[in-house]
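Student: I'd like to ask you about the structure that follows.
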Amino acid sequence: MPVPTVLDDATPPALRPVLAPLPPLTEAGDRLLSAASELFYDRGVRAVGVDLIADTAGTTKKTLYDRFGSKDALVALYLLRRAHRWREHLAAQLSEGGRHPVLTVFTALETWMGTQHRGCAFVNVYAELGGGPGAQDHPAVAVVRSEKAWMRALFDDLTGEVERGGRVHLVYEGALVLRTAGGDPDAIAAGRDAAAALLAGRSDPPQRLSPA
């Protein structure tokens with residue numbers, strides 16, 4: 001069964017947080033989310049306060065709280081919007097066909113990361129929030145876990161095998177970490193080669209993911 005790309009009644013619970021629709025935003029709300037997204041990624045969520053976000057967006061703290069309710073909710077929405085944009089980027093790459101779709105995921109990751117120097121935003125947020133007291137109740141943690149579950153479901157679907165999908169997912173996540181924390185600019189290409197080795201000998205390529 002293809003991995004879901006939109007939220008509906010049949011969506012598994014583990015995938016629901018990362019497939020939630022983005023809320024409508026006012027012009028000021030969009031500026032706040034864009035400013036927060038850049039600051040959170042570049043500096044980390046703990047280091048960035050609501051005053052800095054509001055100043056960068058050219059609004060007030062009151063506007064931030066009126067639009068989002070809390071900084072925690074803004075962190076979760078930052079990740080949710082990033083996940084939506086990643087899926088759009090990935091679906092566009094997969095729709096081109098031409099090679100095994102699993103390998104296309106690695107190529108899409110290369111183009112997505114580009115010059116981004118801090119690696120996976122979801123890993124970064126979890127590293128800051130995931131181990132502290134009460135952190136599992138933070139709304140961003142649910143999005144982080146759901147995004148990782150979605151990627152695992154994607155690889156299960158694209159390989160057609162749960163065991164092989166899990167192995168490819170491990171390679172994918174490891175390549176992403178090694179590219180930044182490991183200082184290896186070729187890690188994603190090496191991960192693609194490792195994924196190709198895992199796929200070797202398979203004669204029935206699975207169904208490709210369709211754009212949402």
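Student: For the subset of segment 149-201 comprising residues that are among the hydrophobic types (A, V, I, L, M, F, W, C) and not in a helix (DSSP H, G or I), which member is nearest to residue 83 (Cα to Cα)? Even if it seems obvious, please write down each step before you answer.
Tutor: From segment 149-201, those among the hydrophobic types (A, V, I, L, M, F, W, C) are 149-151, 153-155, 158, 162, 168, 170-171, 175-178, 181, 187-190, 194-200; that's our starting set.
Next cut, not in a helix (DSSP H, G or I) only: 181, 200.
On the way: 181: 21, 200: 30 Å.
Only one residue tops the list, namely 181.
Student: Among the residues of segment 121-136, are any in contact with a Leu (Cβ under 7 Å, 6 or more places away or on another chain) and within 19 Å of residue 5 (Cβ to Cβ)? Give the steps one after another, and end with the answer.
Tutor: Taking segment 121-136 first, the residues in contact with a Leu (Cβ under 7 Å, 6 or more places away or on another chain) are 121-122, 125, 135.
Within this subset, residues satisfying the condition of being within 19 Å of residue 5 (Cβ to Cβ) are 122.
Taking every residue of segment 121-136 in turn, at least one turns out to be in contact with a Leu (Cβ under 7 Å, 6 or more places away or on another chain) and within 19 Å of residue 5 (Cβ to Cβ).
Student: Continuing with this model, one more query. For residues that are out of contact with any Asp or Glu (no Cβ under 8 Å at 6 or more places or on another chain) and surrounded by fewer than 18 Cβ atoms within 10 Å (Cβ to Cβ), tally how many sit in segment 150-180.
Tutor: Selection size over segment 150-180: 7.
Student: Report those helices (runs of 4 or more DSSP H) wholly inside segment 1-103 carrying at least 2 residues which are in contact with a helix residue (DSSP H, G or I) (Cβ under 6 Å, 6 or more places away or on another chain), more than 16 Å from residue 139 (Cβ to Cβ) and in contact (Cβ under 8 Å) with a residue 60 or more places away in the chain. Please lay out each step first, then the result.
Tutor: On the way: elements: 16-19, 27-43, 50-57, 61-68, 71-95.
Of the helices (runs of 4 or more DSSP H) lying wholly inside segment 1-103, those with at least 2 residues that are in contact with a helix residue (DSSP H, G or I) (Cβ under 6 Å, 6 or more places away or on another chain), more than 16 Å from residue 139 (Cβ to Cβ) and in contact (Cβ under 8 Å) with a residue 60 or more places away in the chain span 71-95.
Student: Given the options 145, 118, name the one that is open to solvent by 60 Å² or more (accessible area, probe 1.4 Å) and in a helix (DSSP H, G or I).
Tutor: Working: 118 fails: in a helix (DSSP H, G or I).
Exactly one residue qualifies, and that residue is 145.
Student: Go through (1) at pLDDT below 95; (2) open to solvent by 60 Å² or more (accessible area, probe 1.4 Å) and name the single condition residue 16 misses.
Tutor: Status for residue 16: all satisfied but (1).
Results for (1) open to solvent by 70 Å² or more (accessible area, probe 1.4 Å); (2) farther than 30 Å from residue 186 by Cα; (3) touching a Lys or Arg at 6+ places or on another chain (Cβ under 7 Å), shown as yes or no for each residue.
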| residue | (1), (2), (3) |
| --- | --- |
| 32 | no, yes, yes |
| 56 | yes, yes, no |
| 74 | no, yes, no |
| 83 | no, no, no |
| 88 | yes, no, no |
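Student: Can you spot a residue in segment 78-89 that is touching a Pro at 6+ places or on another chain (Cβ under 9 Å) and among the acidic types (Asp, Glu)?
Tutor: yes
The values are calculated or read from the model by the stated rules, or taken from the named source; none is laboratory data. Because the structure is a prediction, the values reported are computed rather than measured. Virtual Cβ from ideal backbone geometry, glycine too; neighbours counted across all protein chains shown. Surface accessibility is based on the protein's heavy atoms, side chains included, excluding ligands, DNA and RNA. Shrake-Rupley method; radii C 1.70, N 1.55, O 1.52, S 1.80 Å.
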